[in-house]
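Trainee: Questions regarding the structure given below will be posed in turn.
The values are calculated or read from the model by the stated rules, or taken from the named source; none is laboratory data. Since the model is a prediction, treat every value here as computed from it, not as a measurement. All Cβ positions, glycine included, derive from the backbone under ideal geometry; neighbour counts span all protein chains shown.
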Amino acid sequence: MQRWRGLEEIPGDWGRSVVTIGSFDGVHRGHQLIIGRAVERARELGVKAVVVTFDPHPSEVVRPGSHPALLAPQPRRAELIGGLGVDAVLVLPFTAAFSQESPETFVRTVLVEALHAKLVIEGPNFRFGHKAAGNVALLAELGRADDFEVEVLDLELRGAAGDGVPFSSTLTRRLVAEGEVEAAAEVLGRPHRVEGVVVQGAQRGRELGYPTANVDTVAHSAIPADGVYAGWLTAGGERMPAAISVGTNPTFDGTHRTVEAYAIDRVGLDLYGLHVAVDFLAYLRGMEKFDSIEALLDRMADDVKRARELTDSAL
């Protein structure tokens with residue numbers, strides 16, 4: 001898969017393409033349907049499949065300070081998109097000047113002149129151009145003038161997270177924020193992941209016999225609600241069952257919210273400075289303040305036992 005940042009990195013001899021455009025935050029099952037359809041149609045037409053996305057998130061430029069919680073940082077999005085079989089990912093730097101471009105200018109410069117679109121595939125709520133003035137109807141109209149077709153896919157979620165509810169990153173963010181990580185996983189098609197570099201914390205876990213990786217999460221990450229979770233810690237390519245704590249450590253009167261993962265039954269891990277991933281499988285309990293260290297240790301032992309059982313059964 002080729003990765004381009006900006007139109008200038010697209011090869012000059014790039015041929016016709018099937019294109020889909022969006023933020024694709026989380027690359028959830030709705031996104032997977034759209035991208036998968038683009039790959040399928042590209043193969044049928046004998047052309048390349050290209051995903052166009054943006055960095056930073058458009059809302060941060062249009063409405064500074066309104067950046068939504070990220071379900072996946074840009075490198076993770078590219079990795080997930082690449083796994084769906086696309087030929088190229090184009091990341092367009094979203095600037096103030098870019099946000100002022102009309103829908104017509106966007107179509108001409110990106111879809112027609114740069115990617116030579118033959119077909120564009122989108123969801124029904126796709127918007128583009130200055131003040132989101134463009135929609136799929138306008139896209140289809142412009143396509144008729146510029147020799148590309150438009151296909152619109154309807155996206156609905158069926159299952160535990162809600163029958164007939166459209167797939168959306170907004171829904172997924174809400175589920176994550178409420179600690180409903182199992183329902184979020186149904187929308188995503190995989191457990192929700194938080195990434196970051198392991199930094200030194202208060203080291204209380206080590207003193208208590210449960211050394212944790214204190215993760216300095218990527219900016220704007222969608223962090224689940226405070227509580228204890230079962231999941232996995234991935235470091236250096238190794239995926240390890242984990243008990244995960246999100247919160248302020250109220251037993252110790254903490255004030256700083258952290259994400260900490262204990263790699264179950266692993267001894268002597270040195271993860272400081274490593275970029276790691278934490279995947280959330282299931283919510284175990286809310287964050288509590290215990291009256292004694294002994295009570296805390298009893299509950300931690302139970303948390304680890306349940307996390308071990310859940311991750312074992314998920315294999």
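Trainee: Where in segment 52-157 are there strands (runs of 3 or more DSSP E), lying wholly inside it, with at least 3 residues that are under 18 Å from the mean Cα position of the chain (by Cα) and in contact (Cβ under 8 Å) with a residue 60 or more places away in the chain?
Mentor: Numbers: elements: 88-93, 117-122, 149-152.
Passing ranges, in order: 88-93.
Trainee: Take the residues of segment 272-300 that are among the hydrophobic types (A, V, I, L, M, F, W, C) and at pLDDT below 95: which is nearest to Thr217 (Cα to Cα)?
Mentor: Met287
Trainee: Another question about this same structure. I'd like the full set of residues that are over 22 Å from His57 (Cβ atoms) and of a type outside the set (S, T, N, Q), limited to segment 11-40.
Mentor: Listed by number, the residues that qualify are Pro11, Gly12, Asp13, Trp14, Gly15, Arg16, Val18, Gly36, Arg37, Val39, Glu40.
Trainee: Here is a further query. If we only count strands (runs of 3 or more DSSP E) wholly inside segment 203-315, which ones have 3 or more residues that are among the hydrophobic types (A, V, I, L, M, F, W, C) and within 26 Å of Gly26 (Cα to Cα)?
Mentor: On the way: elements: 213-217, 227-235, 238-247, 258-263, 275-285.
Output list reads 227-235, 238-247, 258-263, 275-285.
Trainee: For segment 191-202, how many residues meet the condition of being part of a loop (DSSP other than H, G, I, E, B) and modelled with pLDDT of 95 or more?
Mentor: Within segment 191-202, residues that are part of a loop (DSSP other than H, G, I, E, B) and modelled with pLDDT of 95 or more number 1.
Trainee: Shifting gears a bit: Which condition breaks for Gln74 when tested against (1) within 17 Å of Val51 (Cα to Cα); (2) in contact with a helix residue (DSSP H, G or I) (Cβ under 9 Å, 6 or more places away or on another chain); (3) of a type in the set (S, T, N, Q)?
Mentor: Status for Gln74: all satisfied but (2).
Yes/no matrix, rows are residues, columns are (1) in contact with a strand residue (DSSP E or B) (Cβ under 9 Å, 6 or more places away or on another chain); (2) over 19 Å from Phe54 (Cα atoms); (3) not basic (Lys, Arg):
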position: Gly82; (1), (2), (3): yes, no, yes
position: Ala114; (1), (2), (3): yes, no, yes
position: Glu122; (1), (2), (3): yes, no, yes
position: Arg127; (1), (2), (3): yes, no, no
position: Leu142; (1), (2), (3): yes, yes, yes
position: Val150; (1), (2), (3): yes, yes, yes
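Trainee: When both residues are 6+ apart or on different chains and their Cβ atoms are under 9 Å apart, which pairs have a first residue that lies in segment 258-269 and is within 16 Å of Asp312 (Cβ to Cβ), and a second that is of a type in the set (Lys, Arg)?
Mentor: Ile264/Arg308; Asp265/Arg308
Trainee: Here's another thing I want to ask about it. Go through Thr311, Thr234, Thr212 for me and flag whichever is surrounded by 13 or more Cβ atoms within 10 Å (Cβ to Cβ) and in contact with a Ser or Thr (Cβ under 8 Å, 6 or more places away or on another chain).
Mentor: Thr212
Trainee: Another one. Checking Thr109 against (1) in contact with a strand residue (DSSP E or B) (Cβ under 7 Å, 6 or more places away or on another chain); (2) surrounded by fewer than 18 Cβ atoms within 10 Å (Cβ to Cβ), which test does it fail?
Mentor: Failed condition: (1).
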